[in-house]
1. With respect to His194, determine if the residue is surrounded by fewer than 17 Cβ atoms within 10 Å (Cβ to Cβ) and modelled with pLDDT of 95 or more.
2. Checking the structure you have, find out if any residue of the stretch 273-283 is surrounded by fewer than 23 Cβ atoms within 10 Å (Cβ to Cβ), more than 21 Å from the chain's Cα centre (by Cα), within 16 Å of ligand 1 (Cβ to nearest atom) and over 27 Å from Ile47 (Cα atoms).
3. For the list (1) surrounded by fewer than 22 Cβ atoms within 10 Å (Cβ to Cβ); (2) within 16 Å of ligand 1 (Cβ to nearest atom); (3) not β-branched (Val, Ile, Thr), I need the number of the one condition that Lys248 fails.
4. In the list Leu87, Leu56, Leu32, Leu51, which residue meets the criterion of being aliphatic (A, V, I, L, M), surrounded by 15 or more Cβ atoms within 10 Å (Cβ to Cβ), closer than 30 Å to Gly177 by Cα and without any contact (Cβ under 8 Å) to a residue 12 or more places away in the chain?
5. Check the stretch 157-167 and report whether any residue there is surrounded by 17 or more Cβ atoms within 10 Å (Cβ to Cβ), over 20 Å from Lys17 (Cα atoms) and at pLDDT 95 or above.
6. Would you check if there is a residue in the stretch 131-139 being within 16 Å of ligand 2 (Cβ to nearest atom), under 21 Å from Asp19 (Cα atoms) and buried (at least 22 other Cβ atoms within 10 Å of the Cβ)?
7. What pairs come up if the first residue lies in the stretch 184-213 and is basic (Lys, Arg), the second is in a helix (DSSP H, G or I) and more than 14 Å from ligand 2 (Cβ to nearest atom), and their beta carbons are under 7 Å apart, counting only those six or more places apart or on different chains?
8. What are the residues in the stretch 201-224 that are away from ligand 1 (no atom under 13 Å from the Cβ) and closer than 20 Å to Ala61 by Cβ, if any?
Amino acid sequence: MELLPDIPIPAPKFRLKWDITLGILFIHLGALFAPMTFSWSAFGVFIFFQLLTGCLGITLAFHRLLTHRSFKVPKWLEYTLTLFGSLAIQGGPLKWVATHRVHHAYADRPQDPHSPNRGFWWAHVFWLLAFDDVLDHPTKFTMYVNDLTIDPVHRFIEKTHVLQSVALGVLLFALGGWSWVVWGIFARCTFVWHCTWLVNSAAHIWGYQTYTTNEGSRNNWWVAILTYGEGWHNNHHAYPTSAAHGLKWWEFDLTYAIIKAMALLGWATEIRLPRGNPAQLPALSPAEYAKWARQKTRLPAPPLAGVAA
Ligand SMILES: [Zn+2]
Ligand SMILES: [Zn+2]
């Protein structure tokens with residue numbers, strides 16, 4: 001794992017990001033219209049775009065390619081796949097990758113943006129609504145993504161990621177009316193979001209640990225099905241730069257199968273696989289656990305022994 005500079009432990013306060021909160025509510029409310037606007041063509045659009053944005057965009061591109069550089073593709077393909085990820089409306093590639101690199105560096109520590117040690121719903125969605133002093137700073141977060149920040153195409157995709165989805169919505173409306181917009185944007189985004197979010201919540205709570213990684217990551221079969229292999233999350237924390245996340249014969253990993261198919265076409269090269277000992281974070285000291293518990297419950301530090309309250 002790459003060594004990252006230390007960052008200050010976030011203060012146990014909650015500053016709501018209104019734009020993100022309203023955006024997440026808006027997309028969920030739009031998804032409620034799915035039963036009333038169902039058509040088989042709209043369902044086809046849903047399936048197509050959830051594969052394009054969820055599997056190829058988020059899992060294969062944002063996660064395994066950009067965050068961990070577990071394989072290489074030609075630049076034209078890297079940009080195309082990054083655009084697919086951007087259409088998942090999970091933020092642009094720079095912020096997404098920075099957030100995930102911080103998660104790996106501090107998994108289930110106080111600095112982790114989305115540890116379920118703060119509760120299931122914090123890890124699943126509430127962390128997205130809270131302002132983070134580093135990751136939401138206009139420039140500070142870029143120290144985690146210098147490799148992407150220097151690339152003008154990635155900067156452009158980052159800046160325009162909302163507009164790209166607006167343009168896709170207009171195109172779907174022109175081709176198939178509201179039915180295609182509801183299923184191709186609102187229902188599809190809601191579905192892909194919750195699948196991605198389950199990796200942060202469920203796959204850090206339920207499942208088995210093949211490797212001792214000193215944090216809560218788990219291998220979870222049903223999250224792996226919903227996320228095209230991302231649910232083999234304990235394997236992934238043990239070997240973050242491996243392109244394969246499923247490591248046992250029964251740990252099916254569709255994304256790795258796609259990477260291997262891309263290799264046959266000559267598109268994917270320098271595919272990295274597990275090597276050496278698994279990555280392991282240092283175990284937390286009792287003092288660190290105590291600090292963690294205070295942050296979790298957002299209570300002030302207990303009075304020192306012997307000091308009258
Ligand atoms: Zn994790
Ligand atoms: Zn990762």
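The values are calculated or read from the model by the stated rules, or taken from the named source; none is laboratory data. If you're wondering where the values come from, they're calculated on a predicted model, not measured in any experiment. A quick note on method: Cβ atoms are made from the backbone with ideal geometry, for glycine too, and the neighbour counts reach across all protein chains shown.
1. yes
2. Yes, some residue in the stretch 273-283 is surrounded by fewer than 23 Cβ atoms within 10 Å (Cβ to Cβ), more than 21 Å from the chain's Cα centre (by Cα), within 16 Å of ligand 1 (Cβ to nearest atom) and over 27 Å from Ile47 (Cα atoms).
3. Lys248 satisfies all of (1) surrounded by fewer than 22 Cβ atoms within 10 Å (Cβ to Cβ); (2) within 16 Å of ligand 1 (Cβ to nearest atom); (3) not β-branched (Val, Ile, Thr) except (2).
4. Leu51
5. Going through the stretch 157-167, the residues surrounded by 17 or more Cβ atoms within 10 Å (Cβ to Cβ) turn out to be 157-158, 161, 165.
From the residues that got through so far, the ones that are over 20 Å from Lys17 (Cα atoms) too are 157, 165.
With at pLDDT 95 or above added as a condition, the list becomes 157, 165.
Taking every residue of the stretch 157-167 in turn, at least one turns out to be surrounded by 17 or more Cβ atoms within 10 Å (Cβ to Cβ), over 20 Å from Lys17 (Cα atoms) and at pLDDT 95 or above.
6. No: zero hits.
7. Between residues of the stretch 184-213 that are basic (Lys, Arg) and residues that are in a helix (DSSP H, G or I) and more than 14 Å from ligand 2 (Cβ to nearest atom), the close pairs are Arg188/Phe46; Arg188/Phe49; Arg188/Gln50.
8. Result: Ala224, single match.
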